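What follows is a short report on a single structure.
Readers should treat all values here as calculations from the given coordinates under stated rules, not as data from a laboratory. Not measured: the values here are computed from a predicted model. In this analysis, Cβ positions are derived from the backbone assuming ideal geometry, glycine residues included, and neighbour counts consider all displayed protein chains.
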Amino acid sequence: MELTTKEEYTVLTLDAGGTNFVFSAIQGGKEVIKPLSLPSYANDLAQCLRNIIRGFEEVRNQLAADPAAISFAFPGPADYANGIIGDLGNLPAFRGGVALGPMLEKHFRIPVFINNDGDLFAYGEARYGFLRELNQKLADAGSEKRYQSIIGLTLGTGFGGGFVSGNELVTGDNGAAGEVWLLRNSLYDGLFAEESISARAIVREYIEESGRFDEGLTPYDVSRIAQGEKSGDDQAALSAFRKFGSALGVAITQVVTLLDAPVVLGGGLVNAYHLFAPYMFAELRGTYKGCGGNPVDRLVMRTYDLQSADDFRLFAQGNAKKVQVPFSDEVVSYDSEKRIGIGVSPLGTNRAISLGAYAFALNALNANKAVENTLT
């Protein structure tokens, strides 16, 4: 999947955290300066906004040519299309609607694009990472199968998502597509999915099952306990990841039933993939009971673990054969197996988000240029 826009454009980007803002610039899919970090001043709106302007100014001043756009992910809720930020949890100073995008456009006099991090993660993996690599590996394996869509899911502090179809980011009419964190929780009635698919969920489940409260305990600690690398209740730790994987698997079945696309996982918790993936796939490959008592597969498509060389070989092979065109000697290819794969981000989450922001800006600039050309 090739980019159709001018990669000589330079785009200013921002990694917005609750403690620090990290500014950078990307050209040709690569960072062209050393990233700059400034405090976010999460509780002081005026100081926060001044630092955002300052950060982009300092990055711009390091460039040999003027940037073409600013593009970055910012926490929601937000009216992303219009660049207006709502009430934020990790940046409490943002309240009542802050016109961040219009402010930056007025100051820098270049287009500004703000999106959800889950959306940009998916877009970065589609344009530069997982989807591109998947199709190349299929070609190298001699398979005719190609994928045009991707579902990106981030597993970390929260549970986020994004969807790309035919090289375009699907954001929905309200800019709220991919809000997977609000899917129904399959383990606990009345809760949303993120309560079992997040860092806090793993720590909570471990504490509840082990009866051991350890202030400062992290999912990494729980993973080390599960693998016998740290003292603790290894069975409770394994159970925490089992529940996490099970809840994630059920959530993915709901998403892929609607969207039918391969899934790339990102976020810090993918480092424990080997601990939760078996339970995730058990749900994806499970069955329902029909009214007559006969089992019905949960998914129309077969799911493959793309982190496994053996699974990928079967995934690439599919069930391809040649069939004859009726009333002729011509034969055509037919692959009767509907299938998707699930794997881990090859880019890393932060890089995928930055590249997604870059690609989104290029795509928008290219579209605007095309419109200008039709008017001249």
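Numbers for the structure displayed
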| item | result |
| --- | --- |
| Nearby aspartates and glutamates by direct alpha-carbon distance to Lys289 (threshold 12 angstrom, same-chain neighbours under 8 apart not counted) | Asp297 |
| Top positive-direction residue, dipole computed over the chain with Cβ charges, set Tyr220, Gln317, Gly55 | Gln317 |
| Dipole magnitude (debye, nearest 20) for region 199-334, charges at Cβ of Lys, Arg, Asp, Glu | 280 |
| Modelled FRET efficiency - R0 25 Å, Asn366 with Arg146, Cβ distances, 0.05 increments | 0.65 |
| Proximal lysines relative to Lys322, as straight alpha-carbon distance under 21 Å, when same-chain residues fewer than 8 apart are discounted | Lys145, Lys338 |
| Region 10-115, dipole about Cα centre (Lys/Arg Cβ +1, Asp/Glu Cβ -1), debye to the nearest 20 | 160 |
| Charge tally in the Cβ shell below 12 Å around Gly232, where Lys, Arg are +1 and Asp, Glu are -1, Gly232 excluded | -3 |
| Residues Lys230, Lys106 arranged by fewest to most Cβ contacts within 10 Å | Lys106, Lys230 |
| Ser231, Ser40, Ser210 arranged by Cβ crowding within 10 Å, fewest neighbours leading | Ser231, Ser210, Ser40 |
| Calculated from backbone phi, Karplus (6.51, -1.76, 1.60) coupling profile of region 77-87 in Hz, x at Gly/Pro | x, 7, 9, 5, 4, 9, x, 9, 9, x, 7 |
| Cβ-based exposure ranking for Tyr206, Tyr304, in which fewest neighbours within 10 Å come first | Tyr304, Tyr206 |
| Estimated dipole of the chain in Debye, rounded to 20 [Cβ of Lys and Arg +1, of Asp and Glu -1, Cα centre] | 260 |
| Residue of Leu36, Leu153, Leu12 that the Gaussian network model of the chain assigns the largest fluctuation, springs spanning Cα pairs under 10 Å | Leu36 |
| Summed side-chain charge close to Leu217 - residues other than Leu217 whose Cβ falls under 14 Å, Lys, Arg +1, Asp, Glu -1 | -2 |
| Karplus (6.51, -1.76, 1.60) ³J(HN,Hα), θ = phi - 60°, over region 116-122, in Hz, Gly and Pro reported as x | 6, 5, x, 5, 6, 4, 4 |
| Antiparallel content of DSSP bridges confined to the chain, in %, to 5 | 65 |
| Charge dipole of the chain about the Cα centre (unit charges at C-beta), most positive-ward option of Gly266, Ser328, Phe121 | Ser328 |
| Amide H contacts under 5 Å for Gly341, placed H, 5+ residues apart | Val263, Tyr304 |
| In region 1-76, trypsin sites (Lys or Arg not before Pro) in a DSSP loop with at most 15 other beta-carbon atoms within 10 Å | Lys6 |
